[in-house]
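The values are calculated or read from the model by the stated rules, or taken from the named source; none is laboratory data. Values in this document were obtained by computation on a predicted structure and should not be read as measured data. Virtual Cβ from ideal backbone geometry, glycine too; neighbours counted across all protein chains shown.
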Amino acid sequence: MVDYLSPSRRVFVAFNYTFLIVLAVLCVLPLVHLLSLSLSSNSAVAAGEVKLWPIDFTWASYSFILKQPEFLKALVVTLKRVALGVAVNMTLTILVAYPLSKEASALKGRTVYVWIFVFTMLFSSGIVPLYMTIRSLHLLDSIWALVLHHAVPVYNVVILLNFFRNLPKELEEAAVMDGAGQWRILWRIFVPLSLPSLATLTLFATVSQWNAWFDGILFMNSPAHYPLQSYLYTLIVGLDTLLKNQTDLTLLENVSDRTARAAQIFLGALPILLVYPFLQRYFMKGIVLGSVKE
């Protein structure tokens, strides 16, 4: 049976679809233009001929970036950072959010703990104390300097805390009656029921770890230990000098600072663009619905 839609409702639905389509196009067009720039020749870009389709198609900009010996080293560092960082972030987020989601009667001093975490969101000690702390722990030039200084993302803790609080209390009560302890309740009930929220927070943590660049420059004394985004930043800053030192006329004909920068930006965003569709389905629905029957 098809639901009847009033004329005003039809206008509203049509307007919504039109608005969302236009918004999606406006978000996609800059990325398409960037990709076209990176795949076009230097002369076509300089003449302003490139819009939404590559002119004089060439892979020269990507070849130039990927052939830099430091690129693969930086990529390996970033992959290690993402793997370790996301694992540490999610583990600590779950372990912090679960007890803080309990009532004050169940966890003594819960309100104090919550305000301590909230305080860290509002106030920061600054870069100098952070650097001195990392140095005093002898973590400079190590992968742990990139991972541990923001191991507990408080914003993610708040999101997961509220998600845990909204789970049916009957599930925990039934588990307690069956003899389950808090550790088993967390990993056998709360975590499986929180997959939509955990998938979202995993994406947040992945994007945060992948896009971070300043801490790599701050904590790494050697460019050989830079993560990918820090390396790309230094490459962008010194790109003009790097191109001026090139003697390959074919390369200079097809690569310019604009095409190379476009290729770098696209390479930096590509992994997130590939990961996002696989996690998007968790944003649409939860698996908690129907878990408790009256």
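Of the conditions (1) farther than 26 Å from SER208 by Cβ; (2) touching a Ser or Thr at 6+ places or on another chain (Cβ under 9 Å); (3) polar (S, T, N, Q), SER105 clears all except one; give me its number. Only one criterion in (1) farther than 26 Å from SER208 by Cβ; (2) touching a Ser or Thr at 6+ places or on another chain (Cβ under 9 Å); (3) polar (S, T, N, Q) is unmet by SER105, namely (2). Of the set (1) closer than 30 Å to PHE190 by Cβ; (2) of a type in the set (Asp, Glu); (3) in contact with a helix residue (DSSP H, G or I) (Cβ under 7 Å, 6 or more places away or on another chain), all apply to GLU103 but (3). Of the helices (runs of 4 or more DSSP H) contained entirely in region 105-205, those carrying at least 1 residues that are more than 22 Å from the chain's Cα centre (by Cα) and not acidic (Asp, Glu) fall at 110-122, 127-136, 154-165, 169-177, 182-185. Entry remark, region 175-207: residues being surrounded by fewer than 18 Cβ atoms within 10 Å (Cβ to Cβ), within 20 Å of VAL82 (Cα to Cα) and at pLDDT 90 or above number 0 in total. In region 86-104, is there at least one residue being on the phi < 0 side of the Ramachandran plot, surrounded by 17 or more Cβ atoms within 10 Å (Cβ to Cβ) and either at pLDDT below 90 or in a loop (DSSP other than H, G, I, E, B) (or both)? Yes, region 86-104 contains at least one residue that is on the phi < 0 side of the Ramachandran plot, surrounded by 17 or more Cβ atoms within 10 Å (Cβ to Cβ) and either at pLDDT below 90 or in a loop (DSSP other than H, G, I, E, B) (or both). Here PHE64 does not fit the description of being farther than 21 Å from LEU235 by Cα, assigned to a helix (DSSP H, G or I) and among the aromatic types (Phe, Trp, Tyr).
If you filter region 36-53 down to residues that are in contact with a helix residue (DSSP H, G or I) (Cβ under 8 Å, 6 or more places away or on another chain) and crowded, with 19+ Cβ neighbours inside 10 Å, you find that the one that is nearest to SER256 (Cα to Cα) is ASN42. So, VAL11, is that one out of contact with any Pro (no Cβ under 6 Å at 6 or more places or on another chain), of a type outside the set (Gly, Ala, Ser) and in contact (Cβ under 8 Å) with a residue 60 or more places away in the chain or not? When the stated conditions are applied, VAL11 does not pass them.
Say we look at region 1-29 and pick out the residues that are among the polar types (S, T, N, Q) and in a helix (DSSP H, G or I); which of these is farthest from PHE266 (Cα to Cα)? Out of the qualifying residues, it is SER8.
How many of the residues in region 30-60 are assigned to a helix (DSSP H, G or I), farther than 18 Å from PRO271 by Cα and touching a residue at least 24 places away in the same chain (Cβ under 8 Å)? Total meeting the criteria: 6.
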